[in-house]
Amino acid sequence: YMGDFIFFGFVSEKMRGVRFYQQSLATKRLFCTSTLASSTSSASTTATVTAVTRTHTNFKGIFPILVTPFLQDQTLDLESLGNCVRFMKSAGVDGVVVTGVLGESNRLLDVERELIVREAIEAADGMPVIVGCSHSGTYATAALCQMSEELGASGVMLTMSKEPTPQSDECQMEFFSTIASKLNGLPIVLQDHPASTNVFMSLELQANLVQNVPSIKCIKLESPPTPSRLVRLRQLLKEKKKNDISILTGLGGLYSGFDLAQGCDGFMTGFAFPEVFLAMCKAHHQKRDIGAQNIFKHWLPLIVFEQQPGVAIRKEIYLKRKLITENVVRHPGQQLNQSLRGVLDDVLKLTVKDLDITKPLTLQQVSEVSGVHL
């Protein structure tokens, strides 16, 4: 049994490391959901379990995908994460997303994911928090979804991961059905983002998934050309009497003006100025589509510049907005170089001008700097 003994020793060392990590990062609160109270007159310990209440959402509006802040030593910066969540709430968004693709989810430990979800939900204080739970495998993905549900997430965002052989429609149907069966009604956001997953989903498959997996309440459509695919997907959902399903788009907002004109329900993306999308949606709902397009055109240089591969530019903007204390990208992710930082400053001067970006921009500020009056 020597092999078993060695394996057990390895696991024990690993768990001691995890416990130390938890203690060092979560000093302001208990890591477990139960609060332990010890009596001085008795050696017995009782547990008071805190009930978790989920904040519901209809998945319509603006849902920024947050960066994951790190300190210089590459460890989590939970204080900055909480600051990001509170900032977005004060900006008036409809919810936030954590551990997404550009939240560097592929560089996170599982225990870090839990710490992030806990911090985000606590800081949100009733605002919906959606958790990216995609993982390499159905079993692991389901476990992350269950954890998120237990912690009080308002929904989970899912997509399949690339396999050596292409996944059939039947395999993808089984993936979502299996995960939904492990949950107690937690809403699922179906993410269609082949650029990051190399998984291609036809619109017909997406409509069939919605019909067969009732937990899917929203589709995050990120497979270009999104404007035309959005129209076709609406038609397919209408044929299946699924008109209540929300369709959000992302891709950093690259096509947001066109997507809005074609009837998307909002945006779920990581652009560092979600106030812009709030203003665009406001103009659209007021039947002022020209105003919405003018806002889009004004901010498009920054949207395009920020959408370059990697997350370094976005983190630099978060730093400039004083949402995070460091702009660290976890290794081996590329850090922002000085020349690119200078170009970013020029683009910010062109779009933001003299606005104070350390505070949430108001609807009036965004519209006026864009040459629009709402």
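Taking the conditions exactly as written (free of Cβ contacts under 8 Å to residues at least 12 places away in the same chain and part of a helix (DSSP H, G or I)), does Cys171 satisfy them or not? Write out each step before concluding.
On the way: free of Cβ contacts under 8 Å to residues at least 12 places away in the same chain: yes; part of a helix (DSSP H, G or I): yes.
Answer is yes for this residue.
Taking the options Leu205, Leu278, name whichever one is at pLDDT 95 or above, among the aliphatic types (A, V, I, L, M) and in contact with a strand residue (DSSP E or B) (Cβ under 8 Å, 6 or more places away or on another chain).
Values: Leu205 fails: in contact with a strand residue (DSSP E or B) (Cβ under 8 Å, 6 or more places away or on another chain).
Of Leu205, Leu278, the one residue that is at pLDDT 95 or above, among the aliphatic types (A, V, I, L, M) and in contact with a strand residue (DSSP E or B) (Cβ under 8 Å, 6 or more places away or on another chain) is Leu278.
Would you check which residues across the stretch 74-108 are free of Cβ contacts under 8 Å to residues at least 40 places away in the same chain and either in contact with a helix residue (DSSP H, G or I) (Cβ under 7 Å, 6 or more places away or on another chain) or part of a loop (DSSP other than H, G, I, E, B) (or both) and list them?
Those that are free of Cβ contacts under 8 Å to residues at least 40 places away in the same chain and either in contact with a helix residue (DSSP H, G or I) (Cβ under 7 Å, 6 or more places away or on another chain) or part of a loop (DSSP other than H, G, I, E, B) (or both): Arg86, Lys89, Val96, Val98, Thr99.
Under 27 Å from Gln307 (Cβ atoms), modelled with pLDDT of 95 or more and of a type in the set (D, E, K, R), is that true of Glu112?
On the way: under 27 Å from Gln307 (Cβ atoms): yes; modelled with pLDDT of 95 or more: yes; of a type in the set (D, E, K, R): yes.
So Glu112 fits the description; yes.
Scan the stretch 300-333 for residues that are touching a helix residue (DSSP H, G or I) at 6+ places or on another chain (Cβ under 6 Å) and over 13 Å from Leu344 (Cα atoms) and jot them down.
Answer for the stretch 300-333, where residues must be touching a helix residue (DSSP H, G or I) at 6+ places or on another chain (Cβ under 6 Å) and over 13 Å from Leu344 (Cα atoms): Val311, Leu323, Ile324, Thr325, Asn327, Val329, Arg330.
Which of (1) within 23 Å of Gly270 (Cα to Cα); (2) out of contact with any Ser or Thr (no Cβ under 6 Å at 6 or more places or on another chain) does Ala140 not meet, given it meets every other one?
Evaluating Ala140 over (1) within 23 Å of Gly270 (Cα to Cα); (2) out of contact with any Ser or Thr (no Cβ under 6 Å at 6 or more places or on another chain) leaves (1) as the failure.
Return only the number of the condition from (1) open to solvent by 30 Å² or more (accessible area, probe 1.4 Å); (2) within 24 Å of Thr68 (Cβ to Cβ) that Val199 does not satisfy.
(1)
Given the condition open to solvent by less than 20 Å² (accessible area, probe 1.4 Å), closer than 18 Å to Gly155 by Cα and of a type in the set (A, V, I, L, M, F, W, C), answer yes or no: does some residue in the stretch 98-109 qualify?
yes
Only one of (1) in a loop (DSSP other than H, G, I, E, B); (2) among the hydrophobic types (A, V, I, L, M, F, W, C); (3) surrounded by fewer than 19 Cβ atoms within 10 Å (Cβ to Cβ) fails for Met127. Which number is that?
Every listed condition holds for Met127 apart from (3).
Given the conditions (1) of a type outside the set (Ser, Thr, Tyr); (2) out of contact with any helix residue (DSSP H, G or I) (no Cβ under 8 Å at 6 or more places or on another chain); (3) more than 22 Å from Leu190 (Cα to Cα), and given that Met268 satisfies all but one, which numbered condition is not satisfied?
(3)
Here's the yes/no breakdown for (1) within 18 Å of the chain's Cα centre (by Cα); (2) open to solvent by 10 Å² or more (accessible area, probe 1.4 Å); (3) in contact (Cβ under 8 Å) with a residue 12 or more places away in the chain:
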| position | (1), (2), (3) |
| --- | --- |
| Lys242 | no, yes, yes |
| Leu248 | yes, no, yes |
| Tyr255 | no, yes, yes |
| Asp259 | no, no, yes |
| Gly266 | yes, no, yes |
| Cys281 | no, yes, yes |
| Lys287 | no, yes, no |
| Asn294 | no, yes, yes |
| Lys315 | yes, no, yes |
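Let's see how each residue does on (1) more than 19 Å from Asp265 (Cα to Cα); (2) touching a Phe, Trp or Tyr at 6+ places or on another chain (Cβ under 7 Å); (3) open to solvent by less than 20 Å² (accessible area, probe 1.4 Å):
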{"position": "Ser161", "(1), (2), (3)": "yes, no, no"}
{"position": "Cys171", "(1), (2), (3)": "yes, no, no"}
{"position": "Leu186", "(1), (2), (3)": "yes, no, yes"}
{"position": "Gln206", "(1), (2), (3)": "no, no, yes"}
{"position": "Val213", "(1), (2), (3)": "yes, yes, yes"}
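Every residue in the stretch 200-251 that is among the charged types (D, E, K, R) and part of a helix (DSSP H, G or I), please. Steps first, please.
Here is the first cut: in the stretch 200-251, the ones among the charged types (D, E, K, R) are 204, 217, 220, 222, 229, 232, 234, 238-242, 244.
The answer is Glu204, Arg229, Arg232, Arg234, Lys238, Glu239.
Within the set of pairs 6+ apart or on separate chains, which have a first residue in the stretch 123-138 that is more than 19 Å from Thr197 (Cα to Cα), a second that is in a loop (DSSP other than H, G, I, E, B) and modelled with pLDDT under 95, and C-beta atoms under 7 Å apart?
Cβ pairs passing all conditions: Gly126/Thr55; Met127/Thr55; Pro128/Thr55; Pro128/Thr57.
Filter the stretch 338-361 down to residues that are part of a loop (DSSP other than H, G, I, E, B) and open to solvent by less than 70 Å² (accessible area, probe 1.4 Å) and give me whichever is nearest to Pro301 (Cα to Cα).
Val352
The values are calculated or read from the model by the stated rules, or taken from the named source; none is laboratory data. Here the structure is a predicted model, which is why all the values come from computation and not from measurement. Positions of Cβ are generated from backbone atoms using ideal geometry, with glycine treated the same way; all protein chains shown enter the neighbour counts. Heavy atoms of the whole protein, side chains included, go into the accessibility calculation; ligands, DNA and RNA do not. Shrake-Rupley method; radii C 1.70, N 1.55, O 1.52, S 1.80 Å.
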